[in-house]
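In what follows, a single structure is set out as structure tokens and then discussed.
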Protein chains: 4
Amino acid sequence: MIVAMQDVATEDQIQAVIDHLVQLGFEVHRSTGARQTVLGAVGARPEVDIAIFEVLPGVQEVHRISSPYKLAGKSFRPEGTIVRLANGVEIGGKEVIVMAGPCSIESHDQIFLIAEQVADAGARVLRGGAFKPRSSPYSFQGMGEEGLKLMREAADKHGLLVISEVMEISQIPLILPYVDILQVGARNMQNFNLLRELGKARKPVLLKRGIAATIEELLLSAEYIMSGGNYEVILCERGIRTFETYTRNTMDISAIPIVHKLSHLPMTADPSHGTGRRDKVPPMARASVAAGADALLIEVHSNPDKALSDGAQSLFPAQFTTLMNELRVIAPAVGRTIR
Amino acid sequence: MIVAMQDVATEDQIQAVIDHLVQLGFEVHRSTGARQTVLGAVGARPEVDIAIFEVLPGVQEVHRISSPYKLAGKSFRPEGTIVRLANGVEIGGKEVIVMAGPCSIESHDQIFLIAEQVADAGARVLRGGAFKPRSSPYSFQGMGEEGLKLMREAADKHGLLVISEVMEISQIPLILPYVDILQVGARNMQNFNLLRELGKARKPVLLKRGIAATIEELLLSAEYIMSGGNYEVILCERGIRTFETYTRNTMDISAIPIVHKLSHLPMTADPSHGTGRRDKVPPMARASVAAGADALLIEVHSNPDKALSDGAQSLFPAQFTTLMNELRVIAPAVGRTIR
Amino acid sequence: MIVAMQDVATEDQIQAVIDHLVQLGFEVHRSTGARQTVLGAVGARPEVDIAIFEVLPGVQEVHRISSPYKLAGKSFRPEGTIVRLANGVEIGGKEVIVMAGPCSIESHDQIFLIAEQVADAGARVLRGGAFKPRSSPYSFQGMGEEGLKLMREAADKHGLLVISEVMEISQIPLILPYVDILQVGARNMQNFNLLRELGKARKPVLLKRGIAATIEELLLSAEYIMSGGNYEVILCERGIRTFETYTRNTMDISAIPIVHKLSHLPMTADPSHGTGRRDKVPPMARASVAAGADALLIEVHSNPDKALSDGAQSLFPAQFTTLMNELRVIAPAVGRTIR
Amino acid sequence: MIVAMQDVATEDQIQAVIDHLVQLGFEVHRSTGARQTVLGAVGARPEVDIAIFEVLPGVQEVHRISSPYKLAGKSFRPEGTIVRLANGVEIGGKEVIVMAGPCSIESHDQIFLIAEQVADAGARVLRGGAFKPRSSPYSFQGMGEEGLKLMREAADKHGLLVISEVMEISQIPLILPYVDILQVGARNMQNFNLLRELGKARKPVLLKRGIAATIEELLLSAEYIMSGGNYEVILCERGIRTFETYTRNTMDISAIPIVHKLSHLPMTADPSHGTGRRDKVPPMARASVAAGADALLIEVHSNPDKALSDGAQSLFPAQFTTLMNELRVIAPAVGRTIR
């Protein structure tokens, strides 16, 4: 931690800050320049709230130096993490993995048809939601366990893995047997009780960035899961909230190279939620791969106009096939392949 | 819903949109002007996702007209809602109610001392958290039920009511016996499963605005609770995330008059979380009352420098007393009183 | 400047950063902790772009310590600046000064009528625009010098001072003879050529915060003017752009106490532009005074529904009178008066 | 315009709104549903401020339908605009045009060396600034006309065109003889006086999006230029301000496909300013081309560590060459080429 004192700070104020730091276990280095004094504090607990020092008399500003995450940080595993799954699927490896499927599992026929379509186009993982608490209390709420069962069967039949979202602790044991990857949605990125439980799970977790979360906060949430012993965390950008209202969210493509610099964890992108509009999904999917994404989540529906949720952002199967062909052209530019 | 067609839209495209609307149960009014055609669709279910129409061929833009909330809307109860509690405390009435106390309950002595201090200064409700899942996995996590019990006793001794935060469904039965108001934090504003359960509770709920939530989304979350039968919902502004980084969040004071225009529910403010810095709490508390807030939540700690959480935003008791005196000057400007 | 090295940084990388700093004239203090090395660099030119260091090998992060503004900083004049004008008007003194008038000067009768109305209600300064380049190329563009002349006469007749906006360098000599305060609009907050010229003017400048400008950037723009020799700078909050779309901008009331902490310059508020909606102006005006604003700018129009610009945010004269009465109740809570 | 009345609106209120609309020249269509009345108003002037109606009694909300820009809108020239320049350079055609060079022209040797390097790598246009008013009043301010002259000679020698920024009206005649494209920076996007003058220029204008500007506002600024008779407008995304602070701005890649949907004008990207950090430039440049950008602006410096401005975001020449090779792989995925 660095504490910069105001140029008008008195010697007593400086000493009081030093005392406070020492009391908390910090080793303090004092630099006095022509205009002001700066205190460097090293060695103590990362959980100290630096705001406590910001309000002490004579303090100008405080900066935290040590990043608040360790397990999620680049230096923990500089070579990068590869999450290895069944069927030879590796997230964070040379192949860019595409996960595709409907927003919600709606019926046997729907999920089997879409599974076939996305597998044919080159997807490796089937996505689909079984629980859908919606922002309106009057909407379709999901098929539950029955949906998970159908999705697993459909995926197995077409050589796909399965990813699905877990929304609360009580759903973990229910979902676990059916999926290869547990997904945590943007709204739960800081549901720390849920994250703690997922730290005990023995399956990879795909953690989506909250719409108002900084990249540092995303990494801190990953740290939460990892501190419980589950190191198989996959990060995902899916749009942040900005002043621009043309799209529901603004997809922050730059988060992809930034996470790759700060962390060893795989970084993926969800252009369907990131844009909310079908016609914007292919350009943003291409951009994500060009920026280095390790995997993509894409909503595909055999009949988007009849989808029970998120139809407007689901691709038609033919659009998805075209997109996959475009991605195969782009991947080599970043030293990657797509099946 | 209003669907504005592009000026180059063909008659077939217009007809396809009309058919789609009629199929969903809308009654459609068509207006054809010199440059374009506009379709007015009324009478159908509010839960229809308007984005479905945005991606139809020939459509320029779509606007929802009916607000998506009904129970929370002004016209449901134009005279305004007053939440009536014990000790004659009314939120939404003539008196501006001040709720004060520590971020976390830390010990018997701490909560009894602070209860006395805030009661003496004029607070009517004691606030304090019993469960503190923190953004860092390495921080103090709260006293749990033992803390709630202590807070209740401290409050009763000093004629105060109690408000405390509930973070997940399983905590509801635990917290319910000890509190007068259940608080939902900003991170849970869209935890729809939790909101649904709170709709069945027989105690008032104070719902905080998420840091990336629009005012409309806040009202929709209130609607979620109300649709379960619990009409005693109190709303709260506590800062939104913006590009300005000097304060942790930017407190949106304008949300106070806006909620009062759109809704009949009481609207309150939390300047402690809204600013995150002790020295900014009094000006923002004063501003909130001047803008018409029905109640305030303010963190006060007998020894903020030793607080186990949020010390930097907690007022010293003497600062709180001074603030209360200032608020008593301001309240009459908006036709209110403060005890 | 503080340069925190990555924990994996090599000794060569650390030495290269030190060399670079020394070359630029910094004195470097090195602190090596258990996990990483931190370099404190003091004494050099504030204009060095810290991003240059952020991209050096082995660097984790860089923080600027010395604030980049000096003349605008609190320590330059800790007692605060009072801008003294004719008629005993002081901005930054005990009296909260209200500046009111129409968005645009439209005619002789309009400006004389409004001047009378706002003077009667207690305003001390008449505001009004003579040049109105609008965001649509098809709108009313202002009366020009003729308008300024009318405004001056109307103000003099009713004992008011005059403030009006200057939009480009060529307008300065034109506007200067007619006004007591030159106003710089939000869009010009970083028009550095204009600011430089205003630094040579011998009249006070009211500088509005840009809708995407941080408070630090606002102070840096003030520094620009002051570095030219004009120390009579008055700052003004008028709304920032956020994700909330209910109001055109989100008025950042917290900027008022923050500027008062960081700077000695008077800080004012413009709730008319800050909200864009007439019914939100009084609550936000009251909130501004409660938060400590030194002055207010308020749009008032004798017939807002016929105003040629910004009618929706202009108060009716009777509303303005009511507001002034409310402000007179609030001002004593912050040790101020209003005429 | 669509005016939705509140469900509690009286017949008198509805009639007053209709009268106001008719008075302004609108043709009004009234739709009365079970819950509320909706008024469709077509045919009148696009410049009417809809906020005027938002504050009328009984009005719930108002939506503008006709887009406020015409010349910049897609339907004005559905086939798209190609800006044709010397040397066969076409912006908006099949080739993705890369414009590269230093932030500032610093010396004869610097600009000639960089021109050679970027031309060799495949750039078609040389970029460089001659006027550099900086946010700090203490920084390098540019070489002025001497710099322009050097840049023109360097460009001509290596078969490049020239783009440079114009910052105020008085610079237009100075810059015009030396450049092929006039650039308007983000801070001037709403400098309407400057835009109006550029509407009279006979050279293409590259208009950068302001950091707080919506896409609609960008198009409206283009409209401003076009309404003066200059239809050769090129748009450019260079980052918007969001809550994320890791990068200076958040580059909004989705603006590329959105502008291509709404407008016929070429849409380009500036990943150097969009990220502010050298290591983020290549991924965001690749993402921009993958998303469909018609051209790129990239800062390249022969010795970035010694650059007088923006060194941290300038690529080394070798990095630029590598990037160009990557872009050549990506371009065919979107049906484009790069020289």
Query raised in the report: So, with +1 on the Cβ of K and R and -1 on the Cβ of D and E, and no other charges, what is the size of the charge dipole of region C:74-334 about its Cα centre, to the nearest 20 debye?
Result: 360 debye
Query raised in the report: Going through region C:1-108, which trypsin sites (Lys or Arg not before Pro) have at most 11 other Cβ atoms within 10 Å and a DSSP loop state?
Result: C:Lys94
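Considering only DSSP beta bridges where both residues belong to the protein assembly as shown, give the percentage that are antiparallel (nearest 5).
Restricted to the protein assembly as shown, the bridges split so that about 40 percent are antiparallel.
Taking other Cβ within 10 Å of each residue's Cβ, how do C:Cys103, A:Cys236 sort, fewest first? Present the calculation step by step, with values, prior to reporting the outcome.
Numbers: C:Cys103 24, A:Cys236 29.
By the 10 Å Cβ count, ascending: C:Cys103, A:Cys236.
I'd like the mean, over residues of D:186-193, of how many other protein chain beta carbons sit within 10 Å of each residue's own Cβ. All intermediate terms of the calculation are to be shown ahead of the outcome.
Values: counts 2, 7, 3, 1, 6, 6, 9, 7.
Mean shielding count: 5.
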**Report entry** All lysines inside 19 Å of C:Lys157 as judged from Cα atoms, apart from same-chain residues fewer than 8 positions distant
**Finding:** C:Lys149
Report task. With r as the distance between the Cβ atoms of A:Val8 and C:Arg339 and R0 = 35 Å, compute the FRET efficiency 1/(1 + (r/R0)^6) and round to 0.05. Result -> 0.55
Query - Relative contact order %, chain C, counting alpha carbon pairs below 8 Å whose residues are six or more apart - result: 16 percent
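Looking at the P(r) of chain D, how many percent of alpha-carbon pairs lie beyond 38 Å? Can you show the working numbers first?
Values: 13905 of 57291 pairs.
Taking all Cα-Cα pairs of chain D, the fraction more than 38 Å apart is 24 percent.
Any number yet on Rg/Rh for the protein assembly as shown, C-alpha, Kirkwood?
Details: Rg = 30.3 Å, Rh = 32.4 Å.
Using Cα coordinates only, the ratio equals 0.94.
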Query raised in the report: Taking the label point as lying 7 angstrom from Cα along the Cα-to-Cβ axis, what are the distances from C:Pro332 to the corresponding position in the remaining copies, in ascending order and in nanometres?
Result: 0.7, 8.2, 8.2
Requested in this report: Distance check, please: which entries in C:Lys70/C:Lys208; C:Lys70/C:Lys200; A:Lys280/D:Lys74; A:Lys306/B:Lys70 exceed 21 angstrom between their Cα atoms?
Outcome: A:Lys306/B:Lys70
Requested in this report: Give the chain B residue with the shortest beta-carbon distance to the rotation axis relating chain B to chain A, plus that distance as a whole number of Å.
Outcome: B:Ala212, 2
**Report entry** Table column - 3J(HN,Hα) (Hz), region B:200-208, Karplus curve with 6.51, -1.76, 1.60, x for Gly and Pro
**Finding:** 9, 5, 9, 10, x, 10, 9, 10, 8
Query raised in the report: What nm distance separates the two modelled labels at B:Leu176 and A:Ile169, each placed 7 Å from Cα along Cα→Cβ?
Result: 1.8 nm
Report summary line: In degrees, nearest 10, the alpha-carbon axis of helix B:11-23 is tilted away from the dominant principal axis of the alpha carbons of chain B by 50 degrees
**Report entry** FRET efficiency for A:Ser107 and B:Gln23, using Cβ-Cβ distance with R0 set to 25 Å, rounded to 0.05
**Finding:** 0.80
Report task. Provide an ascending nm list, one decimal, of label-point separations from D:Lys157 to the equivalent residue in each further copy; define each label point as 7 Å from Cα along Cα→Cβ. Result -> 6.8, 6.9, 8.6
**Report entry** Using alpha-carbon coordinates, inclination of helix C:281-290 to the longest axis of chain C, degrees
**Finding:** 60 degrees
Report task. Out of all DSSP beta bridges with both ends in region C:196-274, state the antiparallel percent to the nearest 5. Result -> 10 percent
Report task. State, to one decimal in nm, how far the label point of C:Lys149 lies from the label point of B:Ala86, with both points 7 Å from Cα in the Cβ direction. Result -> 7.5 nm
Report summary line: Label points for B:His108 built 7 Å along Cα→Cβ; distances to same position in the other copies, nm, shortest first, come to 6.4, 8.4, 8.8
Query raised in the report: Among bridges DSSP assigns within chain D, what percent are antiparallel (round to 5)?
Result: 40 percent
Report summary line: The size of the Cβ-based charge dipole (Lys, Arg +1; Asp, Glu -1) of the protein assembly as shown about the Cα centre, to the nearest 20 debye, is 0 debye
Report task. Give me the distance between the Cα centres of region C:170-185 and region B:140-197, rounded to whole Å. Result -> 58 Å
Query raised in the report: Which value does Rg/Rh take for region D:2-63 over its C-alpha atoms, Rh per Kirkwood?
Result: 0.93
Report summary line: Given unit charges at Cβ for Lys, Arg (+) and Asp, Glu (-), the dipole magnitude of region B:2-63 about its Cα centre in debye, nearest 20, is 160 debye
Query raised in the report: Mind listing which GluC sites (Glu not before Pro) in region D:47-107 are in a DSSP loop and have 14 or fewer other Cβ atoms within 10 Å?
Result: D:Glu47, D:Glu79
Report summary line: Quick calc, A:Asn325 & D:Asn303: beta-carbon distance into FRET formula, R0 41 Å, rounding 0.05, result 0.45
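What's the longest uninterrupted piece of chain C once you rule out the chymotrypsin sites (Phe, Trp or Tyr not before Pro) that are loop residues per DSSP with at most 16 other Cβ within 10 Å? Walk me through the intermediate numbers first.
Working: sites that count: C:Tyr138, C:Phe140.
Here the longest segment lacking exposed loop sites spans C:141-339.
Computed from the coordinates by the stated procedures, all read-outs in this text should not be read as laboratory data. Every value quoted in this text rests on a predicted model; they were computed, and no experiment measured them. Glycine also receives a Cβ, built like all others from the backbone with ideal geometry; neighbour counts cover every protein chain displayed.
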